[in-house]
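Colleague: Can you keep this structure in mind? I'll have questions shortly.
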Amino acid sequence: MIEVRVKAGVEGKIKGFFPWVYNVEILDVKGSPKPGDLVKVLDSRKRFLGYGYINPNTKIAVRIMSFNEEEEIGRELIKKRLQQAFEYRKRLRINSNAYRLVHSEGDLLPGLIVDVYDEYAVVEITTYGMHKMKEWVAEALVDLLNPRGVYQKVSDYSVNIEGFEAKEEVLYGTVPERIKIWEEDLEFFVDVIKGQKTGFYLDQRKARRLIRDLVEPGDVCLDVFCHTGGFALSMKKKGADSVIAVDISERALNLGKENASLNGLEGITWVEHNAFQFLRKLEKEQRKFDVVVIDPPSFARTKAHIENALRGYKELCVRGLKLTKPDGYLAIFSCSFHITREHLLEVILEASRDVKRQVRVVGESFQDLDHPWILQMPNTLYLKGIYLEVL
Ligand code: SAH
């Protein structure tokens, strides 16, 4: 097996279970690795640190899958990891037939995401190494779940960085155009094949529950960046009088409308619009809402985008505060890896000062428990939500 020796000093963080080795941290390599090859990571004195896979063409050179010398990477390890991931999710007794089965580093399977929707699994692979293990993954999933179908989604962003070739396709069985799932007392159609990400924002399950706590029957609500209506339907189900739900994606909105009828919920107005412009329009019309949810897409994919992202969040926050009735509630989320909870709190504080609306924090949520994160990489806690009462 190819051996990668890391520079003196680097071993400390790997012994603390940090799962990446950067290119610049490599002392030397025994063998000539191709992208995706399996490697053994050693310290500068050739003592074992971990097993992983390498991509010599990327800044993150090695991703470690095991810190245990007895646990070499292969078909069996993939099977074991998936089994462990499954056991954990079973323990959670998630009140839904849709959940994240594998959350990359959080499940010691870097480069792999697996979402389960009813009897189907959706796989997203983001690294060359995991791409090479795709057959093992598909095989293990079939053994574990006995699904009707397994579908692969591809993120162009990671494929471009890692340099492997992949296409979106059925890996096993058949996969319908839409899958019906349930979560608590709501049902949703999920558009796995043409939808965003793997089709549904499972990570916001807990937030959808929390938002119900803030809505009172008769409320007038606003769901900004509504996608297929997760929050809008939850608010309506709690008894909101009306909800305005806005998103830029016609496809997502159409599914949102169908989801509303699927649940027999009326009174949601679906608006296809750029959210920033739409918020300005509502403000001009002096509209006010009891509960406002703002759940934008990621604005900061890399550290270089932090400044811009913060400006984006600030603007959303300012507009959100202005649109919230006195003593109403505003929930604002960030799913950007590089925006921390502290960034978000700072933005809220500035916005509150600027628009002269005092706020108090009444709650907070993160990605739900089926999306575990690791302390060695704090940004794997990527989803943060702050719930404010706006005085
Ligand atoms: N709240 C949703 C998830 C939101 S994901 C849920 O719980 O299911 C972010 C959404 O923002 C996507 O649906 C995307 O289509 C939408 N979006 C991206 N840019 C936008 C823009 N400028 N204006 C409005 N919507 C936008």
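The values are calculated or read from the model by the stated rules, or taken from the named source; none is laboratory data. As the structure is a prediction and not an experimental result, all values here were calculated from the model. Note: ideal-geometry Cβ built from the backbone for every residue, glycine included; neighbour counts use all protein chains shown. Heavy atoms of the whole protein, side chains included, go into the accessibility calculation; ligands, DNA and RNA do not. Shrake-Rupley method; radii C 1.70, N 1.55, O 1.52, S 1.80 Å.
Colleague: Within the range 147-191, track down each residue that is of a type in the set (D, E, K, R) and open to solvent by less than 20 Å² (accessible area, probe 1.4 Å).
Modeller: Result: K153, E162, E183, D191.
Colleague: Also: With the structure loaded, tell me whether G256 is open to solvent by 10 Å² or more (accessible area, probe 1.4 Å) and either outside any strand (DSSP E or B) or more than 9 Å from the ligand (Cβ to nearest atom) (or both) or whether it fails that test. Let's see the steps before the verdict.
Modeller: Numbers: open to solvent by 10 Å² or more (accessible area, probe 1.4 Å): no; either outside any strand (DSSP E or B) or more than 9 Å from the ligand (Cβ to nearest atom) (or both): yes.
Spelling it out, it is not the case that G256 is open to solvent by 10 Å² or more (accessible area, probe 1.4 Å) and either outside any strand (DSSP E or B) or more than 9 Å from the ligand (Cβ to nearest atom) (or both).
Colleague: Please specify each residue of the range 228-238 satisfying the condition of being outside any helix (DSSP H, G or I) and closer than 13 Å to D185 by Cβ. Working first, answer last.
Modeller: So in the range 228-238, the residues outside any helix (DSSP H, G or I) come out as 228-229, 238.
K238 - this is the single residue of the range 228-238 that is outside any helix (DSSP H, G or I) and closer than 13 Å to D185 by Cβ.
Colleague: When you look at D370, is it open to solvent by less than 60 Å² (accessible area, probe 1.4 Å), out of contact with any Ser or Thr (no Cβ under 7 Å at 6 or more places or on another chain), under 30 Å from I60 (Cβ atoms) and among the charged types (D, E, K, R), yes or no?
Modeller: yes
Colleague: Tell me, which residue of the range 3-27 that is basic (K, R) and within 17 Å of M377 (Cβ to Cβ) is least open to solvent (accessible area, probe 1.4 Å)?
Modeller: Step by step, filter the range 3-27, then rank; the result is K13.
Colleague: Let me ask something else. Take the range 216-226 and flag every residue that is surrounded by 24 or more Cβ atoms within 10 Å (Cβ to Cβ) and within 11 Å of the ligand (Cβ to nearest atom).
Modeller: Hits for the range 216-226 are D223, V224, C226.
Colleague: Take the range 173-186 and flag every residue that is more than 14 Å from the ligand (Cβ to nearest atom) and in a strand (DSSP E or B).
Modeller: G173, I179, K180, W182, listed by residue number.
Colleague: Now for a different question. Can you tell me which residue in the range 311-345 is least open to solvent (accessible area, probe 1.4 Å), limited to those that are over 27 Å from K197 (Cα atoms) and among the hydroxyl-bearing types (S, T, Y)?
Modeller: If we take residues in the range 311-345 being over 27 Å from K197 (Cα atoms) and among the hydroxyl-bearing types (S, T, Y), then T324 is least open to solvent (accessible area, probe 1.4 Å).
Colleague: Taking the residues in the range 276-295 that are farther than 25 Å from G239 by Cβ and open to solvent by less than 80 Å² (accessible area, probe 1.4 Å) as candidates, determine which candidate is nearest to the ligand (Cβ to nearest atom).
Modeller: Among them, the one singled out is F276.
Colleague: Still on this structure: When you go through V359, V347 one by one, which is the residue that is under 25 Å from A240 (Cβ atoms) and among the aliphatic types (A, V, I, L, M)?
Modeller: Going through V359, V347 in turn, the sole match is V359.
Colleague: Can you name the residue in the range 197-227 that is in contact with a helix residue (DSSP H, G or I) (Cβ under 7 Å, 6 or more places away or on another chain) and part of a loop (DSSP other than H, G, I, E, B) and is also farthest from R319 (Cα to Cα) among such residues?
Modeller: Among those residues, the one meeting the criterion is Y201.
Colleague: Considering only the range 200-215, state which residues are under 14 Å from V293 (Cα atoms) and near the ligand (Cβ under 7 Å from one of its atoms).
Modeller: Result: Q204, R208.
Colleague: Ok, one more. Kindly indicate which of K46, K90, K59 is open to solvent by 80 Å² or more (accessible area, probe 1.4 Å) and closer than 21 Å to K132 by Cβ. Show your work before the answer.
Modeller: Working: K46 fails: closer than 21 Å to K132 by Cβ; K90 fails: closer than 21 Å to K132 by Cβ.
Checking each option against the conditions leaves just K59.
Colleague: Another question, then. Take V170 and decide whether it is out of contact with any Lys or Arg (no Cβ under 7 Å at 6 or more places or on another chain) and outside the structural domain of D295 (by TED's automatic domain parsing).
Modeller: Numbers: out of contact with any Lys or Arg (no Cβ under 7 Å at 6 or more places or on another chain): yes; outside the structural domain of D295 (by TED's automatic domain parsing): yes.
So V170 fits the description; yes.
Colleague: Return yes when K236 is within 17 Å of G199 (Cβ to Cβ), more than 10 Å from the ligand (Cβ to nearest atom) and in the same structural domain as Y329 (by TED's automatic domain parsing) and no when it is not.
Modeller: No; evaluated as a whole, the condition is false for this residue.
Colleague: With a cut-off of at least 3 residues that are in contact with a strand residue (DSSP E or B) (Cβ under 6 Å, 6 or more places away or on another chain), name the helices (runs of 4 or more DSSP H) lying wholly within the range 272-391.
Modeller: Per the criteria, 306-323, 341-355.
Colleague: Could you list, ordered by first residue, the pairs with Cβ atoms under 7 Å in which the first is in the range 196-210 and closer than 13 Å to E183 by Cβ and open to solvent by less than 20 Å² (accessible area, probe 1.4 Å) and the second is of a type in the set (F, W, Y) and near the ligand (Cβ under 7 Å from one of its atoms), at least 6 apart or interchain?
Modeller: As it stands, the answer is R208/F231, since those pairs meet every condition given.
Colleague: Further question on the same structure: Among the numbered conditions (1) free of Cβ contacts under 8 Å to residues at least 60 places away in the same chain; (2) out of contact with any Leu (no Cβ under 8 Å at 6 or more places or on another chain); (3) away from the ligand (no atom under 16 Å from the Cβ), tell me where H343 comes up short.
Modeller: Evaluating H343 over (1) free of Cβ contacts under 8 Å to residues at least 60 places away in the same chain; (2) out of contact with any Leu (no Cβ under 8 Å at 6 or more places or on another chain); (3) away from the ligand (no atom under 16 Å from the Cβ) leaves (2) as the failure.
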